[in-house]
């Protein structure tokens, strides 16, 4: 499922700051990841920075150096490609002790009964709106290029 290939339009030059519309070459993505890692503070486990955006749509780089909390985005599907590193995705199941952090984010203590996937560079991920998910880190980091799109929650 996740190891399927997808054609992602990330192939022409863009500056390190997010820009409206456009495409980004692998060199630009690599440079943004390097800049984000330089900006991360010691002990910081997560960084997020827009790469491209058009209106409300944002394609962003996420760097995970340690796991966060399990999450649900009630009205947003999350699509991502693993750019570098390795990790684990737990998706589905039931969120334990859910707490609404903001309107677009519910976090919990853990996920019970989810399916576990091993992630590697090139993998493509799709988490439907309303589905619990959690990223673990199996190497030194997990780098994702992802976007969230408004979608009715899965039933």
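Listed values, structure above:
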| item | result |
| --- | --- |
| Matching residues, region 73-109, being farther than 22 Å from residue 138 by Cα and under 15 Å from the mean Cα position of the chain (by Cα) | 73, 76, 77, 104, 105 |
| Unmet criterion (only one of (1) part of a helix (DSSP H, G or I); (2) at pLDDT 95 or above) for residue 62 | (1) |
| Filtered residue count, region 88-104, keeping only those that are surrounded by 14 or more Cβ atoms within 10 Å (Cβ to Cβ) and farther than 21 Å from residue 61 by Cα | 4 |
| Residue count for region 105-130, restricted to those that are part of a loop (DSSP other than H, G, I, E, B) and loosely packed, with under 15 Cβ neighbours inside 10 Å | 4 |
| Some residue of region 38-52 being surrounded by 15 or more Cβ atoms within 10 Å (Cβ to Cβ) and farther than 23 Å from residue 140 by Cα | yes |
| Test: residue 85 is touching a strand residue (DSSP E or B) at 6+ places or on another chain (Cβ under 6 Å), in a strand (DSSP E or B), surrounded by 17 or more Cβ atoms within 10 Å (Cβ to Cβ) and at pLDDT below 95 | no |
| Failed condition for residue 151, given (1) modelled with pLDDT of 95 or more; (2) in contact with a strand residue (DSSP E or B) (Cβ under 6 Å, 6 or more places away or on another chain); (3) surrounded by fewer than 19 Cβ atoms within 10 Å (Cβ to Cβ) | (1) |
| Where a residue in region 105-122 is in contact (Cβ under 8 Å) with a residue 40 or more places away in the chain and its partner, wherever it lies, is loosely packed, with under 15 Cβ neighbours inside 10 Å and assigned to a strand (DSSP E or B), with Cβ under 6 Å and at least six apart | 109/96; 110/96 |
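The values are calculated or read from the model by the stated rules, or taken from the named source; none is laboratory data. Bear in mind that the values here come from a model prediction, so they are computed numbers and not experimental data. Positions of Cβ are generated from backbone atoms using ideal geometry, with glycine treated the same way; all protein chains shown enter the neighbour counts.
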